[in-house]
Number of protein chains: 2
Amino acid sequence: MHPDTQNGFRALADPTRRDILKRLAKGEHTIAQLTQHFDMTRAAVKKHLTVLSDGGLITTRAAGRERFNALNPDGFAPMRDWIGFFDHFWDAQLSNLKDAIENNNQKDQHND
Amino acid sequence: MHPDTQNGFRALADPTRRDILKRLAKGEHTIAQLTQHFDMTRAAVKKHLTVLSDGGLITTRAAGRERFNALNPDGFAPMRDWIGFFDHFWDAQLSNLKDAIENNNQKDQHND
DNA sequence: GTGACAGGATACCAAGCGGTATCATAATTA
DNA sequence: TAATTATGATACCGCTTGGTATCCTGTCAC
């Protein structure tokens, strides 16, 4: 289905990486530019960018000796879809609650 | 904003835990029931359930000596909202592409 | 009560991860 | 050419984490 789900969720699991994504949402950044905003070395930021790239969440454009990192909005689709699967259960829970209130009884719906 | 974002994303970052959530979507399960489906000990499953609980993604109901673990669909909201922030950029990217095609020019929109 | 059963808690281990230091490489500039 | 700049790559360290083994507590059935 979505082969990058694991790498994507793993990339999102770190607060620094989520912060990087928010910053890239404002436009392309080189590693040096990003590093200015964080209290860590360039090598550490580079590692985070590698994880984000593995997750398909960013793309890189080379220009001379610089490499511009940019958001890849499409890369969020696997995680959005995976989480979206559970929207159905939120709705179902609501409609069950609604039924319970209207019928004034609470069936247990234990399956399995 | 959403204090559980970190614990939530961390909980989703493991494939076993995502599998557990999918199984809980079919109904309540005890630890013993869940353990049957995985190639690991009950203690390991228990640890995963603790992480899922910390992330607010499941709830537990005690009944005698059994403890039924159930999905908490509301717990997905922080992650859904966080990812949803980037939907805007997907739209923006599309409209930029549309403009570029219509105007037949490619402005660079490098900001910062 | 005595077993058997479901679960909690802890110590322990190997692997992974976030981070630094360091060296190497390519491109700009004097 | 030489120095600087931007980045890549690797070795290493400490902490976290996924997993097991083990022991303990509480509950159900005789």
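For (1) modelled with pLDDT under 95; (2) more than 9 Å from chain A (Cβ to nearest Cβ); (3) assigned to a helix (DSSP H, G or I); (4) open to solvent by 80 Å² or more (accessible area, probe 1.4 Å), each residue gets a yes or a no:
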position: B:Arg67; (1), (2), (3), (4): no, yes, no, yes
position: B:Trp82; (1), (2), (3), (4): no, no, yes, no
position: B:Trp90; (1), (2), (3), (4): yes, no, yes, yes
position: B:Leu97; (1), (2), (3), (4): yes, yes, yes, yes
position: B:Lys107; (1), (2), (3), (4): yes, yes, no, yes
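Among the residues making up the stretch A:1-17, a single one is facing chain B (nearest Cβ under 7 Å), closer than 15 Å to A:Lys47 by Cβ and either open to solvent by less than 40 Å² (accessible area, probe 1.4 Å) or more than 14 Å from DNA strand D (Cβ to nearest atom) (or both): A:Ala13.
The conditions are (1) free of Cβ contacts under 8 Å to residues at least 60 places away in the same chain; (2) part of a helix (DSSP H, G or I); (3) open to solvent by less than 60 Å² (accessible area, probe 1.4 Å), and B:Asp74 fails exactly one of them. Which is it? Evaluating B:Asp74 over (1) free of Cβ contacts under 8 Å to residues at least 60 places away in the same chain; (2) part of a helix (DSSP H, G or I); (3) open to solvent by less than 60 Å² (accessible area, probe 1.4 Å) leaves (3) as the failure. Would you pick out the residues in the stretch A:31-46 that are within 14 Å of chain B (Cβ to nearest Cβ) and either surrounded by fewer than 16 Cβ atoms within 10 Å (Cβ to Cβ) or under 20 Å from A:Thr5 (Cα atoms) (or both)? The answer is A:Ala32, A:Gln36, A:His37.
In the stretch A:18-60, which residues are among the aliphatic types (A, V, I, L, M), more than 21 Å from B:Pro78 (Cα to Cα) and more than 10 Å from DNA strand D (Cβ to nearest atom)? Passing the criteria: A:Met40, A:Val51, A:Ile58. Restricting the stretch B:52-65 to residues that are assigned to a strand (DSSP E or B) and over 21 Å from the mean Cα position of the chain (by Cα), the residue that is farthest from B:Asp14 (Cα to Cα) is B:Ala63.
Taking the conditions exactly as written (within 11 Å of another protein chain (Cβ to nearest Cβ), open to solvent by less than 20 Å² (accessible area, probe 1.4 Å) and either of a type outside the set (Ser, Thr, Tyr) or over 18 Å from B:Arg10 (Cα atoms) (or both)), does A:Leu49 satisfy them or not? It would help to see each step written out before you state the result.
On the way: within 11 Å of another protein chain (Cβ to nearest Cβ): no; open to solvent by less than 20 Å² (accessible area, probe 1.4 Å): yes; either of a type outside the set (Ser, Thr, Tyr) or over 18 Å from B:Arg10 (Cα atoms) (or both): yes.
Against the criterion (within 11 Å of another protein chain (Cβ to nearest Cβ), open to solvent by less than 20 Å² (accessible area, probe 1.4 Å) and either of a type outside the set (Ser, Thr, Tyr) or over 18 Å from B:Arg10 (Cα atoms) (or both)), A:Leu49 does not qualify.
Report, by residue number, each residue of the stretch A:52-65 that is without any contact (Cβ under 8 Å) to a residue 24 or more places away in the chain and either buried (at least 17 other Cβ atoms within 10 Å of the Cβ) or in contact with a His (Cβ under 7 Å, 6 or more places away or on another chain) (or both). The answer is A:Ser53, and nothing else.
Does B:Asp39 qualify as being in a loop (DSSP other than H, G, I, E, B) and either without any contact (Cβ under 8 Å) to a residue 24 or more places away in the chain or within 13 Å of DNA strand C (Cβ to nearest atom) (or both)?
Numbers: in a loop (DSSP other than H, G, I, E, B): yes; either without any contact (Cβ under 8 Å) to a residue 24 or more places away in the chain or within 13 Å of DNA strand C (Cβ to nearest atom) (or both): yes.
For B:Asp39, the condition - in a loop (DSSP other than H, G, I, E, B) and either without any contact (Cβ under 8 Å) to a residue 24 or more places away in the chain or within 13 Å of DNA strand C (Cβ to nearest atom) (or both) - is met.
The values are calculated or read from the model by the stated rules, or taken from the named source; none is laboratory data. Every value quoted in this text rests on a predicted model; they were computed, and no experiment measured them. Note that we place each Cβ from the backbone using ideal geometry, even for glycine, and neighbour counts take in every protein chain shown. Protein only, heavy atoms only, side chains kept; ligands, DNA and RNA dropped before computing areas. Shrake-Rupley method; radii C 1.70, N 1.55, O 1.52, S 1.80 Å.
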